[in-house]
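Just below is one structure, and these are the notes that go with it.
The values are calculated or read from the model by the stated rules, or taken from the named source; none is laboratory data. Keep in mind that this is a model prediction, so the values were computed, not measured. Counting neighbours? That spans all protein chains shown, and the Cβs are built from the backbone with ideal geometry, glycine included. Remember, those area values only see protein heavy atoms, side chains included, never the ligands or the DNA or RNA. Shrake-Rupley method; radii C 1.70, N 1.55, O 1.52, S 1.80 Å.
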Number of protein chains: 2
Amino acid sequence: MTTALFDTSSPAIDFWFDFGSNYSYLSVMRIEAQAARHHVKIRWQPFLLGPVFQALGFETSPFVLQKEKGEYVWQDMARQCGKYALPWRRPSAFPRRALLPLRVAMLGADEPWIGAFCRGIMRLNFAQDREIDSPEAVSEVLMQQGLPAQSIIADALADANKLALREQTERARAKGVFGAPTFFVGAEMFWGNDRLDDALACAAGLPLAGN
Amino acid sequence: MTTALFDTSSPAIDFWFDFGSNYSYLSVMRIEAQAARHHVKIRWQPFLLGPVFQALGFETSPFVLQKEKGEYVWQDMARQCGKYALPWRRPSAFPRRALLPLRVAMLGADEPWIGAFCRGIMRLNFAQDREIDSPEAVSEVLMQQGLPAQSIIADALADANKLALREQTERARAKGVFGAPTFFVGAEMFWGNDRLDDALACAAGLPLAGN
């Protein structure tokens with residue numbers, strides 16, 4: 001009988017996000033390139049941020065509920081997008097409902113197209129100011145990847161997958177997630193795009209880089 | 001008659017902080033070294049975060065009011081202090097009242113000792129888990145700098161200086177400050193220790209550094 005003393009699996013990061021979340025936009029656009037640099041595997045964990053906020057007593061995004069913070073956030077987003085060389089247009093509706101694309105992301109979380117799909121949906125919301133919770137929008141992004149949009153959407157709408165997304169959202173709450181994006185490396189939680197680099201360094205076993 | 005087309009003054013950053021604020025601790029400890037690297041002048045802007053929170057409808061710190069976020073914050077602080085090589089002990093009382101040291105900081109904002117004084121107070125709170133709102137604590141820090149503690153405290157308790165701190169807090173609200181630390185470079189607001197580097201780059205006229 002042997003006991004596993006060391007975790008020999010390759011380093012991984014759990015990436016919890018919602019397509020309606022503006023700071024999730026920054027991380028969705030950056031994470032594949034950054035994780036590859038650190039040789040860290042990404043486990044995509046789409047979830048519904050709305051029910052998490054509601055369970056915490058917030059009717060909607062704190063950026064909507066808190067006027068001062070809300071005004072700041074859009075200045076900050078414009079600057080952060082400049083910093084990361086990402087396209088940016090302030091969404092005219094916020095936070096956008098994202099149930100269908102999240103169901104597709106749930107279905108495709110382990111597929112090779114997940115990263116490109118997520119970036120495509122995020123671009124619609126935060127670079128093109130378009131609605132994302134429609135079969136048309138989701139199909140457009142899937143087809144850009146050369147994927148069979150109709151059958152993927154049908155699978156995403158199956159009861160088992162709908163249930164999987166609800167359970168995923170419950171799991172987020174149980175893990176203490178209170179916003180998005182949130183990263184986990186083992187049991188260590190990192191909140192916000194500002195912690196993506198720290199989380200990846202942690203996953204890769206490197207010291208966090210300060211100055 | 002000439003018109004000033006360019007602002008020829010040296011670059012400056014306004015640094016709004018409260019000694020009770022844990023993320024202000026990180027910035028207080030880091031800002032002088034970082035600003036010197038960028039040749040940016042610091043304008044120290046102590047203020048009372050409590051009344052700002054209350055005006056926004058929060059009885060106390062969101063880290064106390066929101067259990068999930070509160071639990072996370074202490075994990076994050078330990079990691080951030082490791083990252084910046086700062087001493088850290090989780091304060092057994094939070095947020096600590098800091099009226100007297102803030103009055104002294106108000107009085108001394110333009111003095112050469114302001115940085116060392118602020119770091120000394122912050123160390124008591126976040127490295128030594130000690131109360132900071134007493135003449136003894138404040139004297140100890142002032143005397144460590146070889147300063148005449150008694151006369152500085154007497155001046156800090158003069159009506160004009162008490163009023164100055166109240167007006168300063170009103171000014172924070174008027175500028176849209178909703179948390180601490182907050183930095184301003186001209187009219188541009190940057191919130192949180194995570195934005196200190198961006199704010200300094202902005203003040204120095206450099207592009208923000210992303211990856």
Keeping the other protein chains in place, figure out the carbon and sulfur percent of the accessible area of chain B, with a 1.4 Å probe.
53
Using the 7 Å Cα-to-Cβ label point, sort the distances from A:Ala85 to its equivalents in the other copies shortest first and give them in nm to one decimal.
3.1
Which order do the peptides A:19-27, A:43-51 come out in when sorted by mean C-beta neighbours inside 10 angstrom, highest first?
A:19-27, A:43-51
Which value, in debye to the nearest 20, gives the size of the charge dipole of the stretch A:12-204 about its Cα centre, when Lys and Arg are +1 and Asp and Glu are -1 at the Cβ?
300
Partner shielding of B:68-76, as the mean number of partner chain Cβ atoms within 10 Å, equals 5
Position A:Leu157, label points 7 Å along Cα→Cβ, spacing to each other copy in nm (shortest first, one decimal)
7.4
Would you tally the net charge around B:Arg89, using a Cβ to Cβ cut-off of less than 14 Å, leaving B:Arg89 out, and scoring K and R as +1, D and E as -1?
+2
What per residue convex hull volume, in Å³, comes out for chain A when only alpha-carbon positions are used?
150
Checked the stretch B:14-79 against the a/c 1.5 cut and the a/b vs b/c comparison, axes a ≥ b ≥ c from its Cα gyration tensor; verdict oblate
One finds the C-alpha centres of the stretch B:179-211 and the stretch B:67-115 to be spaced, in Å, by 19
Output for the stretch A:43-77: GluC sites (Glu not before Pro) sitting in coil per DSSP, at most 10 other Cβ within 10 Å, listed by number, reads A:Glu59
Selected from A:Leu157, A:Gln168, A:Ala137, residue furthest toward positive end of dipole (the stretch A:12-204; charges at beta carbon)
A:Ala137
How about B:Lys83: which lysines have a C-alpha closer than 26 Å to its C-alpha, ignoring those fewer than 8 places off in the same chain?
A:Lys41, A:Lys83, A:Lys175, B:Lys41, B:Lys67, B:Lys69
In Å and from the alpha-carbon atoms only, list the Rg and Dmax of the protein assembly as shown.
23.6, 91
Other chains near B:180-191: what is the mean number of their Cβ atoms within 10 Å of each residue's Cβ?
2
How far is A:Glu111 from itself in the other copies, in nm, if each label sits 7 Å out from Cα along the Cα-Cβ line, shortest first?
6.6
Estimated 222 nm signal from helices in chain A, with DSSP H stretches of n ≥ 4 weighted -39500 (n - 2.57), rounded to 500
-15500 deg cm²/dmol
Could you name the residue in chain A with the C-beta closest to the rotation axis that superposes chain A on chain B, along with the separation in whole Å?
A:Asp194, 2
When Cβ neighbours within 10 Å are restricted to other protein chains, what is their mean count per residue of peptide B:195-202?
2
Expressed per residue, the solvent accessible area of the stretch B:22-91 in Å² (1.4 Å probe) is about 44
Excluding A:Asp129 itself, what net charge comes from residues whose Cβ is under 11 Å from its Cβ, given Lys and Arg +1 and Asp and Glu -1?
+4
Give the interface area between chains A and B as buried accessible surface, both sides summed, probe 1.4 Å, in Å² to the nearest 100.
2800
Net charge, B:Phe178 excluded, C-beta distance under 11 Å - Lys, Arg +1, Asp, Glu -1:
+2
